[in-house]
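Everything below concerns the one structure shown next.
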Amino acid sequence: MKNTKMAELRGTRSLREVAKELDIPYSTYAMIETGHRFPRKELAMKLSNFYGVTVDELFFAHNDHETRPDKQTA
């Protein structure tokens, strides 16, 4: 699932520009933002610091994900 928070925070900068600023490969950054990869802890922290948000805000505060339904009792 695409990381809309990262895309929003990136603004008008290209994926390549941000990857270069972070000193990480473009493909790594692109895969994280497009949801094809989840970063390791160190990179998640680097990204959150770069954008000035918490790791939770950047990667886990999505309201568009499916949650497990509550058990229904009989």
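Some observations on this one:
- You can think of it this way: the chain between Leu43 and Ala61 has 4.7 nm of extra reach, that is 0.36 nm per residue less the Cα-Cα gap.
- In this Cβ point-charge picture (+1 for Lys and Arg, -1 for Asp and Glu), segment 4-59 has a dipole of about 140 debye about its Cα centre.
- Residue exposure proxy: Phe59, Phe50, ordered by other Cβ atoms within 10 angstrom of their Cβ from fewest to most, comes out as Phe50, Phe59.
Bear in mind these aren't lab numbers, they're just calculated from the coordinates by the rules spelled out. Bear in mind the structure is a predicted one, so any value in this text is a computation, not a measurement. Ideal geometry is used to build each Cβ from the backbone, glycine not excepted, and the neighbour counts take in all protein chains shown.
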